[in-house]
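Undergrad: Please read through the structure below; I'll follow up with questions.
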Amino acid sequence: MFNNLHDKIKVLEKLNGNGSLSMNSGELSYSIFGPMKKAAVLNFNISKGETITLNKIKFRRTKEISDMSQLDVINSLGKKIEMDLKKETVLMTKHFIKK
C-alpha cells in the first residue's frame with residue numbers, strides 16, 4: 001500500500017511542472033496582434049504632432065495586423081503622432097514620433 005502511494009505521489013510531482021510560463025507554438029501564433037484581434041483604431045482624423053488620448057481611439061476587431069498590443073497602445077497615450085492619419089486607421093508604432 002505504501003509503494004502504491006509512493007507511485008501516485010511521483011505522478012503528482014510530474015504534474016506540477018517546472019514553473020515555466022512559456023507558451024507553446026499554438027499559443028504563440030494565437031498571440032500575434034493580427035487578423036481578428038482587437039486593435040486600436042482612430043475615432044477621428046488626427047493631424048501630425050497631435051497627442052493621442054483615450055477618447056481618440058477605440059479597440060475593435062480588424063482584419064489588419066497591428067504591431068501594438070492593447071497594453072502598448074495604453075502606454076502610448078500622451079505621445080505625439082508622426083503623420084496625418086484618417087479616421088479608422090489601425091494604430092502602429094510607426095505612427096508615433098520617436099524620441
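Undergrad: Calculate the FRET efficiency for F96 and S22 from the Cβ-Cβ distance with a Förster distance of 41 Å, rounded to the nearest 0.05. Write out the running numbers ahead of the final one.
TA: On the way: r = 30 Å, r/R0 = 0.72.
With R0 = 41 Å, the Cβ-Cβ based efficiency is 0.85.
Undergrad: Additional query: Per DSSP H run of at least 4 residues, take -39500 (n - 2.57); add these up for the chain, divide by its residues and hand me the 222 nm value, nearest 500 deg cm²/dmol. Don't skip to the end; give the middle numbers.
TA: Working: 3 runs with 27 residues, N = 99.
Rounded to the nearest 500, it is -7500 deg cm²/dmol.
Undergrad: Something else about it: What's the angle, to the nearest 10 degrees (0 to 90), between helix 2-15's Cα axis and the longest principal axis of the chain?
TA: 10
Undergrad: A follow-up question, please. Determine the dipole magnitude for the chain: charges of +1 sit on the beta-carbon of Lys and Arg, -1 on that of Asp and Glu, nothing else is charged, the reference point is the Cα centre, and the result goes in debye to the nearest 20.
TA: Values: 18 positive and 10 negative charges, 75 e Å.
The calculation lands at about 360 debye.
Undergrad: Quick one: accessible area per residue over the chain, 1.4 Å probe, rounded to a whole number of Å²?
TA: The answer is 76 Å² per residue.
Undergrad: As an exercise, take the mean of 1/r over every pair of distinct alpha carbons in the chain, invert it, and state the Kirkwood radius in angstroms. Could you put the intermediate results ahead of the total?
TA: Numbers: mean 1/r = 0.0610 Å⁻¹.
When all Cα pairs of the chain are included, the Kirkwood radius is 16.4 Å.
Undergrad: With a 1.4 Å probe and all protein chains left in place, how much of the accessible area of the chain comes from carbon and sulfur atoms, in whole percent? Before the final figure, lay out the partial values.
TA: Details: 4400 of 7560 Å².
Ligands and nucleic acids excluded, carbon and sulfur give 58 percent.
The values are calculated or read from the model by the stated rules, or taken from the named source; none is laboratory data. Since the model is a prediction, treat every value here as computed from it, not as a measurement. Positions of Cβ are generated from backbone atoms using ideal geometry, with glycine treated the same way; all protein chains shown enter the neighbour counts. Remember, those area values only see protein heavy atoms, side chains included, never the ligands or the DNA or RNA. Shrake-Rupley method; radii C 1.70, N 1.55, O 1.52, S 1.80 Å.
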